1. Among the residues of the stretch A:18-50, which ones are at the interface with chain B (Cβ under 9 Å from one of its Cβ atoms), open to solvent by less than 10 Å² (accessible area, probe 1.4 Å) and in a strand (DSSP E or B)?
2. Can you tell me how many residues in the stretch A:115-124 are at pLDDT 95 or above and in contact with a strand residue (DSSP E or B) (Cβ under 6 Å, 6 or more places away or on another chain)?
3. Write out, first by first residue and then by second, each pair whose Cβ atoms fall under 8 Å of each other, whose residues are 6+ apart or on separate chains, and whose first residue, in the stretch A:175-198, is at negative phi while the second is of a type in the set (Phe, Trp, Tyr).
4. For the condition over 19 Å from B:Val97 (Cα atoms) and among the basic types (Lys, Arg), what is the one hit in C:Lys144, C:Lys99?
5. Would you mind finding the one in C:Glu56, C:Glu63 that is charged (D, E, K, R), open to solvent by 40 Å² or more (accessible area, probe 1.4 Å), facing chain B (nearest Cβ under 10 Å) and in contact with a strand residue (DSSP E or B) (Cβ under 7 Å, 6 or more places away or on another chain)?
6. Is it true that C:Ser77 is open to solvent by 10 Å² or more (accessible area, probe 1.4 Å), away from chain B (no Cβ under 14 Å) and of a type in the set (Ser, Thr, Tyr)?
7. If you go through the stretch B:59-101 one residue at a time, how many are under 14 Å from the mean Cα position of the chain (by Cα), at pLDDT 95 or above, more than 15 Å from C:Thr132 (Cβ to Cβ) and not charged (D, E, K, R)?
8. Which of the residues that make up the stretch C:81-102 are open to solvent by 30 Å² or more (accessible area, probe 1.4 Å) and either β-branched (Val, Ile, Thr) or within 14 Å of chain B (Cβ to nearest Cβ) (or both)?
Amino acid sequence: IGAPLFPKDKIFETTPEGVVMGLAWTSLGGSTLFIECLQVSTAEKGNLQMTGKMGEVMKESAEISYSVARKFLSRASPENNFLEKNIVHLHIPEGAVPKDGPSAGITMVTALLSLAMNKKIEKKLAMTGEVTLTGKVLPVGGIKEKVLAAQRAGVEQVIIPIDNKRDWEELDEQIKENMHVSFASTYDDVYQTVFGSN
Amino acid sequence: IGAPLFPKDKIFETTPEGVVMGLAWTSLGGSTLFIECLQVSTAEKGNLQMTGKMGEVMKESAEISYSVARKFLSRASPENNFLEKNIVHLHIPEGAVPKDGPSAGITMVTALLSLAMNKKIEKKLAMTGEVTLTGKVLPVGGIKEKVLAAQRAGVEQVIIPIDNKRDWEELDEQIKENMHVSFASTYDDVYQTVFGSN
Amino acid sequence: IGAPLFPKDKIFETTPEGVVMGLAWTSLGGSTLFIECLQVSTAEKGNLQMTGKMGEVMKESAEISYSVARKFLSRASPENNFLEKNIVHLHIPEGAVPKDGPSAGITMVTALLSLAMNKKIEKKLAMTGEVTLTGKVLPVGGIKEKVLAAQRAGVEQVIIPIDNKRDWEELDEQIKENMHVSFASTYDDVYQTVFGSN
């Protein structure tokens, strides 16, 4: 009741570990959104809890992202058992706005890894893309609207699925000149762009 | 059946630890409401139980507030393991009145911290604001109606989100003169106002 | 199916520990009802189970009452760990009659304390009132109908919320002359009336 319909298109003044900017697409246009992850407590068996008025598809997407992040971390940093030994809470503000769909997949994986590795994300970076359980990045809708929303929010770099390359090419030159783009075909590509080579 | 439709706009005669006044907004106007927190029992792993005919968004808001309170406490008072080691019950009277929405977020965090730190809250203080998992305070609706309800209840100080500043400025001078306001952009701001610098 | 629509307006011939008479209000008038509590088994961690075709609000009211009873007992009799170490079953006959609402709150707290302290309740006493988690007693509807039902059942003393005092005053003199009333603003007031000063 009375809550603004969409998250404000505004960058976090400081982006803490575990927070990554995603891009959403609605009937009213694109908007930015944030994935927030927080360590809740240590535990015998790590687990994920989630809030943010997510629909079923988005909840499954969060579960997939959690599995991908755990697998990725066990390969990239075998000594890092953060996800195995902590309860992590993932939230997407704003709490009253219904959200759904799989397109925040790579954003959620990145937020979980940012928290687990205790590394902040460049705050002028946003991303969108579905992720599969084995790390493939699948195309999503609304690229034009999402990139426009990113631009409005002051974003300077976006990561989008390789299979959305044609959508990118159809954007106005004015937009493409002021925004760096990275195309991802697997989550490894996202990781390289975000965290660099180890 | 037969229960009054809204909580009485009345200050607790004494505000025990764990109780904080929030502000609600309905189609019939604003009203005050209380968040009550009580320690139920010790436990290997702390947990939150909740009652008060809350809708889904408000239940998630309580979960978020609980995570925020735990994280905040672990930073502000690392030696305080109250929330880690106790079952806490959070209730919002009146039990028959349906309640929903995220705007009691900062009120719930404050009630949990009040209980955990065993510090009472100034009873003429009320607050409203959504909180995100990493502690940002987001704007809420119905500021005018809420502040009027606070005034009727004898409140002398309110905490509202910084992004509701314009709503505050549009209030009648008569109201603003008799009410102290604090604007919060993160939960740290709320904490400073409520508990002062440690 | 086939069960009488409302509990019989009749006092238990003997009131065992754990049983307290409450007062209900329906579209057909007032009626008495009994809260029954029984110790089921010892346990590492005490817990409450409930039956009696209760609606959601009444179930939450039972949870609140259980938390209030535990907290009250830990203060009034710190050496009494009955509720911490037993599974308690709370039932409201008759099992086929749907019941809801928060107004049995103080009755449920009293039944739990009666069981835990092994003290019987005066059988000509009935009560009604919502209880909040920190023990405030909130007003309820149908006072007139409830007191009439109590009178029909042979009750000689009722406990009602202080904020229902006006409803009491509006009753016929004939009723007030034959019924002792106690007004409660917190559960402490109920306790004093029921169990006396320790």
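The values are calculated or read from the model by the stated rules, or taken from the named source; none is laboratory data. Remember, predicted model here, so these are calculated numbers, not experimental data. Reconstructed Cβ throughout: ideal geometry from the backbone, glycine too, with neighbour counts over all protein chains shown. Accessible surface areas use protein heavy atoms only, side chains included; no ligands, DNA or RNA. Shrake-Rupley method; radii C 1.70, N 1.55, O 1.52, S 1.80 Å.
1. Within the stretch A:18-50, A:Val19, A:Glu36, A:Cys37 qualify.
2. Going through the stretch A:115-124 one residue at a time, the tally reaches 1.
3. Close Cβ pairs (under 8 Å, with a partner that is of a type in the set (Phe, Trp, Tyr)) amount to A:Lys176/A:Trp168; A:Val181/A:Trp168; A:Phe183/A:Trp168; A:Tyr187/A:Phe72; A:Asp189/A:Phe183; A:Tyr191/A:Phe72.
4. Values: C:Lys99 fails: over 19 Å from B:Val97 (Cα atoms).
After ruling out the rest, the residue left standing is C:Lys144.
5. Details: C:Glu56 fails: in contact with a strand residue (DSSP E or B) (Cβ under 7 Å, 6 or more places away or on another chain).
Residue meeting the stated conditions: C:Glu63.
6. Numbers: open to solvent by 10 Å² or more (accessible area, probe 1.4 Å): yes; away from chain B (no Cβ under 14 Å): yes; of a type in the set (Ser, Thr, Tyr): yes.
It is true that C:Ser77 is open to solvent by 10 Å² or more (accessible area, probe 1.4 Å), away from chain B (no Cβ under 14 Å) and of a type in the set (Ser, Thr, Tyr).
7. Looking only at that region, the number is 7.
8. Passing the criteria: C:Asn81, C:Phe82, C:Glu84, C:Lys85, C:Ile87, C:Pro98, C:Asp100.
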